[in-house]
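Structure record follows, encoded as structure tokens.
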Amino acid sequence: MIDRRDAPDAPGTRASSKRDHLVRVATELFWRDGFHATGIDKILREAGVAKMTLYKHFATKENLIVACLERLAAESHAELDAHPASVEGDGRTRLLAAFEWYADWADGKDFRGCPFHHALAEFSEEQHPAHHVACSHKGSMRARLGELAGTAALADPVAAAEELLLVLEGVLAVGASRSLPDLRTSALRLARRVIDAG
């Protein structure tokens, strides 16, 4: 259960700014070093805030982890909505553009793996809030891909979205291992096959 103290402050307030700063710093540390391995003291040190400030906004470390994952999910969904919309072309072009954004991310030199994969690995209990947020994010990804597939006039947009999600999850996993010299090209080639077959 998330403590009501963890609710965001009113936008534009100083408290909201401090909360956002904490979440940004903690997100980077959790993603880089792991959720369990990153202690509260390290977060406070990196963020330059007092422990009282942290606990004013987050009752527990678990609450902070959930806030970080929710922030990442919101940013990811925004990118998945915005990037295809900025591309000229038909529905298939926009669907491929969404996939291309993720392939570029996974093929980047600073990519450290999917943070939601990390969360599922570290919080394997289905009842854990972090596990729930990660699963919810993956479900939303599938739904968004399904919407894009629907506008692409594919024969079976639901099946295409499921297959693209499988490809995407593989791209994120392989990106973390850096086991393909040109991940982006291979990923887009496979995504085109799924879309063309759809």
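Values computed for the structure shown
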{"item": "Contour excess over end-to-end distance, with Cα ends at residue 36 and residue 110 and 0.36 nm allotted per residue", "result": "24.5 nm"}
{"item": "Selected from 185, 65, 174, residue furthest toward positive end of dipole (the chain; charges at beta carbon)", "result": "65"}
{"item": "Carbon/sulfur fraction of accessible area - the chain, other protein chains in place, 1.4 Å, %", "result": "54 percent"}
{"item": "Ellipticity estimate at 222 nm from DSSP helix runs (n ≥ 4, -39,500 (n - 2.57)) divided over the chain, nearest 500", "result": "-24000 deg cm²/dmol"}
{"item": "Convex hull per residue volume in Å³, alpha carbons only, for the chain", "result": "130 Å³"}
{"item": "Around residue 82: net Lys/Arg minus Asp/Glu count, Cβ-Cβ under 12 Å", "result": "-1"}
{"item": "Cβ crowding within 10 Å averaged over residues, with 64-72, 79-87, 19-27 ranked highest first", "result": "64-72, 19-27, 79-87"}
{"item": "Those aspartates and glutamates that a straight Cα-Cα span of less than 14 Å connects to residue 109, excepting residues fewer than 8 apart in one chain", "result": "182"}
{"item": "P(r) tail fraction, the stretch 21-60 - alpha-carbon pairs more than 13 Å apart, %", "result": "45 percent"}
{"item": "Protein-only accessible surface order, largest first, of 55, 102 at 1.4 Å", "result": "55, 102"}
{"item": "Accessible area (Å², per residue) of the chain, counting only protein heavy atoms and a probe of 1.4 Å", "result": "52 Å²"}
{"item": "Residues of type lysines that residue 51 reaches as a straight line, Cα spacing below 24 Å, ignoring anything fewer than 8 places off in the same chain", "result": "18, 42, 61"}
{"item": "Net lengthening on full extension, residue 85/residue 46 (0.36 nm per residue, minus Cα-Cα)", "result": "10.4 nm"}
{"item": "Efficiency of FRET between residue 189 and residue 143 - r from beta-carbon atoms, R0 25 angstrom, step 0.05", "result": "0.50"}
{"item": "Taking only Cα atoms of the stretch 58-111, radius of gyration then Dmax in Å", "result": "14.9, 48"}
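The values are calculated or read from the model by the stated rules, or taken from the named source; none is laboratory data. What you see is a predicted model; the values in this text were computed from it and never measured. With ideal geometry, Cβ positions are generated from the backbone for all residues, glycine too; neighbour counts draw on all protein chains shown. To get the accessible areas, we keep the full protein, side chains included, count just its heavy atoms, and leave off ligands, DNA and RNA. Shrake-Rupley method; radii C 1.70, N 1.55, O 1.52, S 1.80 Å.
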